[in-house]
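Below is one structure; the comments refer to it alone.
Where a number appears in this text, it was derived from the coordinates with a stated rule and is not lab data. Predicted, not measured: the structure shown is a model, and the values here were computed from it. As a convention, Cβ positions derive from the backbone with ideal geometry for all residues, glycine included, and neighbour counts pool all protein chains shown.
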Amino acid sequence: MERAGAVPEVLNRLHNEHADFARLLNLLDRQLALFADGSADYDMIGAILQYCMEYPDAVHHPKEDMIYGTLRSRDPALAAEIGDLEEDHRDLAEATRELSALIGRALAEEPVERGQVHDLTRDFIHRYRQHIAREELHVFPAARQILSDKDWAEIDGRLEGKGDPLFGKVVSDYFQALRTDIDDLAALVEGD
Ligand SMILES: [Fe+2]
Ligand SMILES: [Fe+2]
């Protein structure tokens, strides 16, 4: 059972970021159909992966590691049942770097097998969605149940304030085009 009361602010932010990441994954998903005739937008895919390294891997996941670390110290059995979140983050970061390197080679016009890029991109999307679902369904509810107000305040105090370069108030120059693609997709979906 979850603790009564408001959702801790940290969890709220992480949850909202999951919604942002889901929009990116939808954008990436739309690219999958375009590999067959060679019209996939490698620049866009590369920018999405770059973002995943700059924000989710560097800022979002370390926050979750702090939450999971506290949860593990309070209830090791429950943490074990949920599975090692830190390991999941390391694996995800490695998969992101690998795919990003492959896209980088394609953009540099080195020979890259289109089918391989397609399959790795498909697997990446699937894995990211599973990861987010696991956190929403298992990690966050367990953290709400186990962590105290003092724990949340302590985690909040240790967090860095680095802004989101894509979904934040200030969009970096590098991500401007991707930001436009995301907004275009949102307009398209709303117009359906
Ligand atoms: Fe995560
Ligand atoms: Fe997350």
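Here is how the numbers come out for the structure above:
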| item | result |
| --- | --- |
| Estimated FRET transfer efficiency when R0 is 45 angstrom, pair Glu81-Glu110 (beta carbons, to 0.05) | 0.50 |
| Volume per residue that the Cα convex hull of the chain spans, once the total is divided by residue count, Å³ | 134 Å³ |
| Efficiency of FRET between Ala101 and Ser73 - r from beta-carbon atoms, R0 35 angstrom, step 0.05 | 0.45 |
| Sum of -39500 (n - 2.57) over DSSP H runs of 4+, divided by residues of the chain (222 nm, nearest 500) | -23000 deg cm²/dmol |
| Average Cα contact separation per residue, the chain, under 8 Å, 6 or more apart, as relative contact order % | 34 percent |
| Scattering curve values for segment 29-125, log₁₀ I(q)/I(0), Debye with Cα scatterers, q = 0.10, 0.20 Å⁻¹ | -0.36, -0.93 |
| Residues Asp183 and Glu136, FRET efficiency given R0 of 30 Å [Cβ-Cβ distance, rounded to 0.05] | 0.75 |
